[in-house]
Every structure is written in structure tokens, then in C-alpha cells.
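Heads up, the thing below is written out as C-alpha cells.
No lab work stands behind these numbers, since they all come straight from the coordinates. What you see is a predicted model; the values in this text were computed from it and never measured. Heads up, the Cβs are rebuilt from the backbone with ideal geometry, glycines too, and the neighbour counts pull from every protein chain shown.
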């Protein structure tokens, strides 16, 4: 099994899923974008501590990161597969809504956050 290729593909997919550049992700992981780029291209493997940090950042297992990838069955791609059940269900439900309903839900979420912030400020 060619772990470097699987690792690079998995890293690239995870980064794209979050909409980050290599530079942005490198900053989050305290790496240069060049070092992170080498991981994605398979020119270099992260050491175990860095691999653990990357897996932890994405909330996946080391096995998913290094060996099996995110989608062991290429015919069945689930971008939410690595999320805990509650989060996965929330995202699946959100993506089933029409765009206007998604926007309304996000507006309501902002309202709830504002309301909670006000509640905390009034307790002080």
C-alpha cells in the first residue's frame, strides 16, 4: 500500500473541504506552507507527533489520515463521515434545505448567539 499517496490525497481533500490554502493551514498547525505542501505531494511524511496534530485538527483517526483515507469505498463519498453523529445530522439536514431556508437558519443562529451574549453580559 502506498501510504504517501493516500496521505497526500487525504490532506488535500481535508484542506479543500475547509476552504483553506496551504499557507493558512500551515499557520494553524505551526508549519510553513512549504512543509505542508510536501506532505500533500508525498515528498515528505509528517513525523508521528505532527500526524497526530493534523488528525486531531480534522477530528479524524490516524488510520483515516494515513492508511484508509476518508472514503475507503470510492463509490460512496460522504464528506461528513468523520463528524460525530449530532454534527453530521445537523449538516445533512442543513444541506437538504433550500438556499433561502439555509440563510434563515444562519440568521436565526446569529440571533441566538446574540441573545446568549446579552444574557451573559446582564449576569455580570
- Please give, to one decimal in nm, the separation of the simple spin-label points placed at residue 67 and residue 21, each 7 Å out from Cα toward the Cβ. 3.6
- Item | residue 87 versus residue 33: modelled label distance in nm, points set 7 Å from Cα along the beta carbon direction | 2.6
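Could you compute how fast segment 3-68 diffuses translationally, taking Rh as the Kirkwood radius over C-alpha pairs and applying Stokes-Einstein at 20 °C with viscosity 1.002 mPa s? Give it in µm² per second. List each step's numbers first, then the result.
On the way: Rh = 11.4 Å.
The calculation lands on 188 µm²/s.
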- Prolate/oblate/rounded call for the chain, Cα gyration tensor, a/c under 1.5 rounded: prolate
